[in-house]
1. So which of T391, T444 is farther than 21 Å from V243 by Cα and at pLDDT 95 or above?
2. I'd like to know if the range 224-231 contains one or more residues that are under 19 Å from Y368 (Cα atoms) and free of Cβ contacts under 8 Å to residues at least 40 places away in the same chain.
3. Taking strands (runs of 3 or more DSSP E) that fall entirely within the range 77-133, which contain at least 3 residues that are in contact (Cβ under 8 Å) with a residue 40 or more places away in the chain and in the same structural domain as Y171 (by TED's automatic domain parsing)?
4. Under 9 Å between Cβ atoms, which residue pairs at least 6 apart in sequence (or on different chains) link something in the range 438-456 that is among the β-branched types (V, I, T) with a partner that is in a loop (DSSP other than H, G, I, E, B)?
5. So how many residues does the range 317-339 have that are out of contact with any Lys or Arg (no Cβ under 8 Å at 6 or more places or on another chain) and in contact (Cβ under 8 Å) with a residue 60 or more places away in the chain?
6. State the number of residues belonging to the range 280-297 that are farther than 20 Å from Y368 by Cβ and in a loop (DSSP other than H, G, I, E, B).
7. Listed residues T111, T142, T78, T47; which is under 25 Å from G286 (Cα atoms) and β-branched (V, I, T)?
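The values are calculated or read from the model by the stated rules, or taken from the named source; none is laboratory data. What you are looking at is a predicted structure, and each value in this text was computed from that prediction instead of being measured. Neighbour counts run over all protein chains shown; Cβ positions are idealised from the backbone, glycine included.
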Amino acid sequence: MGTYKHGIYISEVPTGLVPMTQTDAALIVAFGTVPVHLATNPVADNTPVLCYTYQEAVQQLGYSDDWEKYSLCEVMFTHFALYNMAPIVLVPCMDTSKHVQHQKNIAVELTDGVGKIKDAVFVDTLALSTQESTEADLVKDTDYTAAYNDDGEVVITAIEGGKMASVATVYAAYKALDTTKVTADDIIGGVSTTTGKNSGLELLSEIFPRFGLVPGIVIAPGWSHNPTVASVMKAKVANINTVFKAICLCDVDDSVTKYSNVSEWKNKNNFVGELQYVVWPRVKNGDKKYHLSSHVASLMNQVDAANKDIPYVSPSNKSLQIDGACTVDGDEIFLGIDSAAYLNGQGIVTALNFIGGWRLYGNRTGAYPSSTDPKDAFINIRRMFNWVGNTLVTTFWSKIDDATNKRLIRSVVNSANIWFNGLTAIGALLGGRVEFRSDENAKTDLLDGIVKFHVYMAPPPPAREIDFIQEYDVDYLSNLFA
């Protein structure tokens, strides 16, 4: 028997409309190498780091201008210093038990009590002796000090009154980082059979569980030109946590120095994915040379930020923070509009200095021209499909295992359609809707708890060609008699 009530009572029911979650379509996840020996607060090996400032990136990963050795330093500088964007996830694919060298009896000449060690020394492993092949007999902070200079070298300085003050040569033993031992296999990574821990690109699956952010752009400057690395990047971005999608930016190999050879290289090495944006050549700013993928990723962040963080605008014909395009040797490359258009027609993106300074040029994914389906061939439409799909997943995940009834169906359809109407109103879509269709929901599926919604949408294609048709109008000759 129910409880006897007398008065006014309040109860609540869930809101029929669900506010859509915000997913960052341009969150960059970058894989590579870092000078971790220079970090003041170093992270563990193969640990993704979410950074909102240049300072915290440097503190946790270190920084060096030697970008050929330390590829993620190029990404840090580009993202924070040149484009002023945040956040970014940096993944050091390093194993400090393997990617090192152990040195002994390294002679260090002293001048006025000061010497330098050029190796990438882990300074806490440094041991100094006054004689070769003997145990360390010099004590840090008693006989000498050791600190890094701006070039990443270890400077040892004799302390007055200490043992090192009276010698001209000391002998060093230490552990040093050796990035020449990092291979493509380390960037690709995998799952350890002993510890079960992920490494390399396998860590992409940890980004959302760790940070609650959906990866949008995956890069690996200095490594993405490798066909094996690129193929794994292409596979990983298509199936993140089994439900999310991203895109990957892949550089053409530095050995390709002529624009006419890029297409052949692209097809030969299978850089033809719809989730792949293929870029060539290198670019420069001052005396620094960059992989174009570093700039494109940050530029996409910038363009999205200017459009309410919605990736419906192509990054093509937007300004790059560069002053030239070049080969790896620094030889400048100047493309005409015809050469750049040829590359674009082969699914390759480049840098063009034509009108308005240096700009990114090209809308096509690697799948073009083999695929002309707009959702796979235009980069902004591809990214919109990724972003919409990722947003639908994060928004309606809370509905999993709810009762399959009309309230559930109405909640999903109405909420999504209101969102699509808003995107259409601001021009991010030409139109979009969600339907629950009887012909797509078989009774056997519904009995098994499978519910399908059909999403229709049309992101605006980029205006890649604008034609003006000129004609001589003879009627204007009458103005001679006016």
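1. Working: T391 fails: farther than 21 Å from V243 by Cα.
The match here is T444.
2. Yes, because at least one residue in the range 224-231 is under 19 Å from Y368 (Cα atoms) and free of Cβ contacts under 8 Å to residues at least 40 places away in the same chain.
3. On the way: elements: 88-92, 100-109, 114-117, 127-129.
The qualifying strands (runs of 3 or more DSSP E) are 100-109, 114-117, 127-129.
4. T444/I450; I450/N441; I450/A442; V451/T404; V451/F436; V451/N441
5. Total satisfying the criteria: 5.
6. 3
7. Working: T111 fails: under 25 Å from G286 (Cα atoms); T142 fails: under 25 Å from G286 (Cα atoms); T47 fails: under 25 Å from G286 (Cα atoms).
When all the criteria are applied, what remains is T78.
Residues are listed down the side, and each one gets a yes or a no for (1) without any contact (Cβ under 8 Å) to a residue 60 or more places away in the chain; (2) in a helix (DSSP H, G or I); (3) within 25 Å of the chain's Cα centre (by Cα); (4) within 30 Å of G336 (Cα to Cα):
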{"position": "L352", "(1), (2), (3), (4)": "yes, no, yes, yes"}
{"position": "T372", "(1), (2), (3), (4)": "yes, no, no, yes"}
{"position": "T394", "(1), (2), (3), (4)": "no, yes, yes, no"}
{"position": "W397", "(1), (2), (3), (4)": "yes, yes, no, no"}
{"position": "R407", "(1), (2), (3), (4)": "no, yes, no, no"}
